[in-house]
Amino acid sequence: MPMEPLAIDAAHLARRYGRRWALADVSFQLRPGQVMMVSGRNGSGKTTLLRILSTAIRADGGRATVAGHDIVKGRDEIRRATALLAHQSYLYESLTARENLEIMGGAPPTSAALERVGLLERANDPVSTFSAGMRKRLSFARVLLQKPAIAFLDEPYGQLDPEGFVLVEQVIVELKRGGATVVVATHQIDRVAHFADTKLALENGRVA
Amino acid sequence: MIAALRKEFLLQWRTRAQAVAVFVFGATSLLLFSFAIGPNSAALRQHAAGFLWLGLLLSSTLTLSESFHAEMENRALEGLLLLPVSPRVLYYGKALANTIQLMLLGIALVPVMVVLYDAGTTRIPTVLLIIVLGTAGISAPGTLYSAMTSQARAKQTLLPLLLFPLIVPVLLASVKATSFAILGDPMEQGSRWMALLIAFNGIYWSLCGLLFDRVVED
Amino acid sequence: MAANPRFPKLPHALMTLGVICLLVGSYLGLFVAPPEHYMGEVQRIMYVHVPTAWNWMLSVLFAFGAAMAFLFTSDFKWDARLEAGLEVGALLGFLLCCQGAIWAKPTWGVWWDWDPRLTSTAVLLCSFAGILALRRFVDDPPKRAVLCSVATIIAAVDLPIVYFSVRWWNSLHQMQSSPATVSSQFHLPLRLNAFGILFLMSGFIAMRSRIASQRLSEELAPPPQEFAEELA
């Protein structure tokens, strides 16, 4: 192994919901600039893994560093370096698409981001009028505006139309070209396998 | 902080129909209180301040329990935390927005009180100040408890269950101070109750800001 | 906590000691001590009321301490102790309100006289009941522990504010009773009962936190090494 710092170094990660272990024991390493595909059936722990690594939820066992920071001690540093495309859209229903991006703070180039995901004409409509696919696109715009060094994409293809599929792939390639590390949890194994550098298959909360 | 406040006011402006509904609820409860006393104008005037604050308190649970609804709907709060926005900033933004909303509600309920209970007063600035301090005292712990109960089952029941015992001093002090403003205050006792309100606000605005981080993080 | 997984000797010993102290103290208070000069036989409720009040304050302090300790250490033994402290505190608070009402009726002619001590006890009892309800409605153990600790701290900080605001609101009451203001014949039963309730309360808390930490250790058990189907 070269002495290059790892993008993600996870050891024995575990997480419980009630008495069930959604993630029992997952360890892996990922080098910067790589695209990793996480696959596995429903309930195998993909979402939990991505949520732990992006510090959205705590781990009940194990350790991990993301972008060189510990997931417990370096929470804020990790949050600055990463972006998570989650199942939940993170959007406010009563705000417009543009407002949802503007409240992220600073003065983000919202128009460019909205155009990138094909929502510029609907920029001033409230999110409550959006379809599931359009919400997904807007969440993508959110991820792009964060300019992450590591992007966690949980089911990026979900609810999208074929044009959206192409958009997802373009965005991943773009992120990778910019030097970012991308972790994609997906059921679309064949689509992602083309451009993934490494793969991680999960089963019952463990590496299969 | 400015972005957080802007978000709060945008959210409140978009759901202003709800604020109107809360006002109607508050006014209706003021009407109901007078039925509990009977058409005795002296007694009603005597208890006007108490009724005003009880009405405001009951309405505040509607406002407060609603205030984390938009945050939890699509886990938007988590989205902000991951940006990262400091939880403290989010707390103070939300608590301030809740204070302003309850304050406006309180100001809107004063004329209703004056008309129903014949409880007019010329000390408008004093009453305004009491409303600001009292609603701030409700909002500081109310916002924290709303964030807590939004993560539990039976949230609608839990919020008043936790909040009401806590704000007994706020209720007492606000009612007393408002009463003195309406019925006259020859001994200048009102300022003592205002001092209590200020102390309560000082303690809970700082304590809840410290604890909010632990409440919203998993 | 897990030092003695078998028969819990310490809580039982404490409870037995507490019951003995209470029996002796109450006998002395009811039959041996002379009736009080002004208040007569009614005053005898003080032999149990005052010790309950002291111990109630101790249990509130204990719950507050456990809540602070959990937030700083994230050690679940403090969550178990908090659960015990909240329940015992709620029980003592309830007893205190009942005794206060029983004392108030013959003394002042009303069950409830909005005395600051009685009222702030009732307010804190409501808070503790609310927190115990919160415990039932949050399923995730770490989340539950954090929320209950936060709520306990907030409620405990409120106690002095409630006390002083009620005192300003309604200023009439006798001085706080303590052995110093009570003549020496009354000391022994009062002290015996105070220690009796202290031992009983400590026994309850020790027993209850043992039960809670057993449940928590089940809830927080580490993941099984391998799943059965993977072994097959």
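Bear in mind that the values in this text are calculations on the coordinates, not laboratory data. Predicted model only: the values in this text are computed from it and were never measured. Note: ideal-geometry Cβ built from the backbone for every residue, glycine included; neighbour counts use all protein chains shown.
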State, to one decimal in nm², a quarter of the convex hull surface area for the C-alpha atoms of region B:2-216, i.e. the direction-averaged projected area. 11.9 nm²
Using a/c under 1.5 as the rounded threshold, could you call the protein assembly as shown rounded, prolate or oblate? The axes a ≥ b ≥ c are square roots of the C-alpha gyration tensor eigenvalues, and prolate needs a/b larger than b/c, oblate otherwise. oblate
Within chain A, helix-based [θ] at 222 nm, where runs of 4 or more DSSP H residues each add -39,500 (n - 2.57), nearest 500: -8500 deg cm²/dmol
Taking A:M36, C:M57 and counting other C-beta atoms within 10 Å, the order from fewest to most: C:M57, A:M36
Principal axis lengths of region A:74-172 from Cα atoms, whole Å, largest first? 38, 28, 22
Take peptide A:86-97, look around each residue's Cβ out to 10 angstrom, count Cβ atoms belonging to other protein chains, and average those counts. 6
Zero-based 5 Å bins, Cα pair distances in region B:50-131, whole percents: 3, 12, 19, 19, 13, 10, 9, 7, 4, 2, 0
Which aspartates and glutamates have a Cα lying under 17 Å from the Cα of A:K176, excluding residues fewer than 8 positions away in the same chain? A:D154, A:D197
For the protein assembly as shown, what proportion of DSSP beta bridges, expressed in % and rounded to the nearest 5, is antiparallel? 50 percent
Range of Cα positions in chain A per principal axis (Å), largest first: 46, 36, 34
Lysines near B:K7 by alpha-carbon distance under 22 Å, same-chain residues fewer than 8 away left out - which ones? A:K136, A:K147, B:K94
